[in-house]
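A quick write-up on the structure given underneath.
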Amino acid sequence: MDNWDEIRTAFQVARLGTVSGAAEVLGVHHATVIRHIDALEGRLGVKLFQRHARGYTATEAGTDLLRVAQTTADQFQQLEGRIRGRGSDVSGELLVTSLVAFAPLMVPALTSFRAAHPDVVIRFLTGDRLFRLEYGEAHVALRAGNAPQEPDNVVQAFARQAIGLYGHKDYIARRGRPSGAADLVNHDFVGHDDPENRAPFYRWLQAQVPYAERVVFRSEDSRVVEQALLAGAGLGFMSTREARNHPDVELVMEPKEDWTSPLWLVTHVDLHRTAKVQAFLAHLKSYVASEETC
């Protein structure tokens, strides 16, 4: 099989389910997509797709092709990421990933990094899934919790983010300030929608109050939880760094050591020593150090 354009086209049709979607991704006319599929099916002597009114659905043979093409696409993406990061200059895309909860730390650090290196384009990717550094999905990852164990990654201890229990002044005026841990059962909280969330401060809260009854505003998105705290919906957890940006938020309970989890900087071994990655790692560490002394 020597026509990779046809295979790539079939891969996109299988992935997206429509000719128009594949044509848009590939930057070709939809007639080209149809021609590639017809030619590939003719060459292989099998039907790769079932055509229907809503689009194309892969047959068993098409699914097999999709698996092989996915592996090939991942390998090309990995190669592209490695080549892209090999330059000796600090330029081009810098892909950084973390949980969205760390955006208040990462966004200003990334902004000041680009101010120092204007030839860099920042891509800051957030999400709960682990981005695959070995496939070039990111140059640098900031992760929390246990030390990452993926092979071929360089893992560096970074920091521990202090977390306190806070309440908006309107909530405290309305409900009062807890007199201690025993009084927390008389208060409302904002928090994660999953009672089994593994964040250490949520595990602590689960031991103090009946989660289902007292956590009255919940979301899977930390940004929503933060907005609920700022709206006075209940007491909630926030990093001390972020709390400094909100003068109407009052500290209810000092940060505890067992509310924190270690943060790790993770890079792939193939990109770790590139100029761009090393420059950003140095900048981020310097930025956090300067913030802590303010």
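The values are calculated or read from the model by the stated rules, or taken from the named source; none is laboratory data. If you're wondering where the values come from, they're calculated on a predicted model, not measured in any experiment. Here the Cβ positions follow ideal geometry from the backbone for every residue, glycine too, while neighbour counts run over all protein chains shown. Note: accessible area is taken over every heavy atom of the protein model, side chains too, but ligands, DNA and RNA are not part of it. Shrake-Rupley method; radii C 1.70, N 1.55, O 1.52, S 1.80 Å.
If I filter region 58-67 for residues that are in the same structural domain as Ala141 (by the TED database), open to solvent by less than 30 Å² (accessible area, probe 1.4 Å) and either part of a helix (DSSP H, G or I) or modelled with pLDDT of 85 or more (or both), do I get at least one hit? I'd like the intermediate steps shown before the answer.
Filtering region 58-67 down to residues in the same structural domain as Ala141 (by the TED database) leaves none.
No, the conditions are met nowhere in region 58-67.
Do we find that Leu99 is touching a residue at least 60 places away in the same chain (Cβ under 8 Å) and either in contact with a Phe, Trp or Tyr (Cβ under 8 Å, 6 or more places away or on another chain) or crowded, with 20+ Cβ neighbours inside 10 Å (or both) in this structure? Don't jump to the end; show me each part of the working.
Details: touching a residue at least 60 places away in the same chain (Cβ under 8 Å): yes; either in contact with a Phe, Trp or Tyr (Cβ under 8 Å, 6 or more places away or on another chain) or crowded, with 20+ Cβ neighbours inside 10 Å (or both): no.
For Leu99, the condition - touching a residue at least 60 places away in the same chain (Cβ under 8 Å) and either in contact with a Phe, Trp or Tyr (Cβ under 8 Å, 6 or more places away or on another chain) or crowded, with 20+ Cβ neighbours inside 10 Å (or both) - is not met.
So which strands (runs of 3 or more DSSP E) are wholly in region 128-227 and hold at least 3 residues that are of a type outside the set (Phe, Trp, Tyr) and closer than 30 Å to Leu265 by Cα? Steps first, answer last, please.
Working: elements: 140-144, 153-160, 163-168, 189-192, 215-219.
Correct list: 140-144, 153-160, 163-168, 189-192.
For the structure I just gave you, tell me whether Trp259 is surrounded by 14 or more Cβ atoms within 10 Å (Cβ to Cβ) and touching a Lys or Arg at 6+ places or on another chain (Cβ under 7 Å). Outline the logic, then answer.
On the way: surrounded by 14 or more Cβ atoms within 10 Å (Cβ to Cβ): yes; touching a Lys or Arg at 6+ places or on another chain (Cβ under 7 Å): no.
Criteria not met by Trp259.
Which of the residues that make up region 151-189 are surrounded by 12 or more Cβ atoms within 10 Å (Cβ to Cβ), within 21 Å of Glu257 (Cα to Cα) and under 31 Å from the mean Cα position of the chain (by Cα)?
Selection gives Gln156, Phe158, Ala159, Arg160, Gln161, Ala162, Ile163, Gly164, Leu165, Tyr166, Gly167, Phe189.
Can you list the helices (runs of 4 or more DSSP H) lying wholly within region 1-56 that have 2 or more residues being basic (Lys, Arg)? Let's see the steps before the verdict.
Details: elements: 4-16, 19-26, 30-44.
The qualifying helices (runs of 4 or more DSSP H) are 4-16, 30-44.
Hey, can you tell me all the residues within region 98-149 that are of a type in the set (A, V, I, L, M) and over 29 Å from Gly236 (Cα atoms)?
Ala115, Ala116, Val120, Val121, Ile122, Leu133, Ala138, Val140
Considering only residues of region 102-127 that are in a helix (DSSP H, G or I) and within 20 Å of Glu226 (Cα to Cα), which is most open to solvent (accessible area, probe 1.4 Å)? Show your work before the answer.
Keep residues of region 102-127 that are in a helix (DSSP H, G or I), which gives 102-116.
Okay, now just the ones that are also within 20 Å of Glu226 (Cα to Cα), so 102-108.
Details: Phe102: 15, Ala103: 23, Pro104: 52, Leu105: 7, Met106: 1, Val107: 70, Pro108: 46 Å².
Here the residue is Val107.
Which is in the same structural domain as Val155 (by the TED database) and either within 26 Å of the chain's Cα centre (by Cα) or at pLDDT below 90 (or both), of His192, His268?
On the way: His192 fails: in the same structural domain as Val155 (by the TED database).
Sole residue among the options that is in the same structural domain as Val155 (by the TED database) and either within 26 Å of the chain's Cα centre (by Cα) or at pLDDT below 90 (or both): His268.
What number of residues in region 269-282 are open to solvent by 10 Å² or more (accessible area, probe 1.4 Å) and under 17 Å from Val155 (Cα atoms)? Quick ask: steps written out before the conclusion?
Here is the first cut: in region 269-282, the residues open to solvent by 10 Å² or more (accessible area, probe 1.4 Å) are 269-270, 272-275, 278-279, 282.
Now restrict to residues that are under 17 Å from Val155 (Cα atoms): 269-270, 272-274, 278-279, 282.
Qualifying residue count, region 269-282: 8.
Working carefully through the options Ala199, Ala228, find the one that is open to solvent by less than 60 Å² (accessible area, probe 1.4 Å), of a type in the set (Gly, Ala, Ser) and within 20 Å of the chain's Cα centre (by Cα).
Only one candidate qualifies: Ala199.
Hey, Tyr211 hits all of (1) in contact with a strand residue (DSSP E or B) (Cβ under 7 Å, 6 or more places away or on another chain); (2) more than 30 Å from Ala289 (Cα to Cα); (3) surrounded by 17 or more Cβ atoms within 10 Å (Cβ to Cβ) but one; which does it fall short on?
Among (1) in contact with a strand residue (DSSP E or B) (Cβ under 7 Å, 6 or more places away or on another chain); (2) more than 30 Å from Ala289 (Cα to Cα); (3) surrounded by 17 or more Cβ atoms within 10 Å (Cβ to Cβ), Tyr211 violates only (1).
Could we say that His139 is surrounded by 18 or more Cβ atoms within 10 Å (Cβ to Cβ), more than 23 Å from Gln227 (Cα to Cα) and of a type outside the set (A, V, I, L, M, F, W, C) here? Reasoning before the result, please.
Values: surrounded by 18 or more Cβ atoms within 10 Å (Cβ to Cβ): yes; more than 23 Å from Gln227 (Cα to Cα): yes; of a type outside the set (A, V, I, L, M, F, W, C): yes.
Criteria met by His139.
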